[in-house]
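Written out below as structure tokens is the structure these notes cover.
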Amino acid sequence: SPLLVLDTETTGLPFGRNAAPPERLHIVEIGAVLLDEWGEERAAFARLVRLPDAVDAASVAEAMAVSGLTPELLTERGTDATGAAIEFDEWVRSLGGPRWTAYNRDFDSWFLARDPWGVGMARLSEAPCIMRLALSVIERHCDREAGTGPLQWLPPRHAGETGKWKWPKSSETAAWLRSRGHPIPELPQHRALTDART
């Protein structure tokens, strides 16, 4: 069945030790691709989203630097969040209700559950998280005891003396899959549409 894969670029992290206050957390770019049952792209959506007037641009500049987006670019080319959410909802409705996922689905879900994005997302059921699926595949091909293989950079699953749990980044997963012959395109990172495509 068709699958909607999406990604968001944001003004910070909603959880973890580097979490930002909720009032500073906003989507600044959304990108999504609709894949058919063979994994071929059938439709795409991308929007830059302006920062709310109440957000001090300097307070989110460091987080936005990851994507290369700037408040000036968003002001010039972006759509306000409500307008972008309405456009996204209309696009989602035109697709007929595919399931959706993201590389780190929990991260994107946190942002997409908030107003004004929740309306469009409520129409979609979730598919499994790509990051969790990728990890289950990668784990079958490593030797933790020897510290070799594709997971030599990945600490054990539990917190404690041996280190904290670390999920693989999408770039690490894509590189590992490429090394095993999977045709994953090398696209610019940290932009919503190219990350969704990867």
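Test LEU35 against the criterion of being closer than 21 Å to PRO128 by Cα, in contact with a Phe, Trp or Tyr (Cβ under 7 Å, 6 or more places away or on another chain) and at pLDDT 95 or above, and give yes or no.
So LEU35 does not fit the description; no.
Please go through the stretch 98-125 and give me each residue that is more than 16 Å from THR8 (Cα to Cα) and not in a helix (DSSP H, G or I), ordered by number.
PRO98, ARG99, ARG123, LEU124, SER125
Looking only at helices (runs of 4 or more DSSP H) that fall completely inside the stretch 1-97, which ones have 2 or more residues that are hydrophobic (A, V, I, L, M, F, W, C) and open to solvent by 30 Å² or more (accessible area, probe 1.4 Å)? Break it down into steps so the answer makes sense when it comes.
Working: elements: 57-65, 71-77, 81-94.
The helices (runs of 4 or more DSSP H) meeting that bar are 57-65, 81-94.
Out of (1) in contact with an Asp or Glu (Cβ under 7 Å, 6 or more places away or on another chain); (2) under 14 Å from ILE27 (Cβ atoms); (3) modelled with pLDDT of 95 or more, the odd one out for GLU87 is which?
(1)
Could you please find all residues in the stretch 39-59 being under 14 Å from THR10 (Cβ atoms) and among the hydrophobic types (A, V, I, L, M, F, W, C)?
Selection gives LEU48, VAL49, LEU51, VAL55.
Restricting to the stretch 98-117, and then to whatever is among the small types (Gly, Ala, Ser) and surrounded by 13 or more Cβ atoms within 10 Å (Cβ to Cβ), can you tell me which residue is farthest from ALA32 (Cα to Cα)?
SER109
The values are calculated or read from the model by the stated rules, or taken from the named source; none is laboratory data. Quick caveat: nothing in here was measured; it's all calculated off a predicted structure. Cβ atoms come from the backbone with ideal geometry, glycine included; neighbour counts cover every protein chain shown. Only protein heavy atoms, including side chains, enter the accessible area calculation; ligands, DNA and RNA are left aside. Shrake-Rupley method; radii C 1.70, N 1.55, O 1.52, S 1.80 Å.
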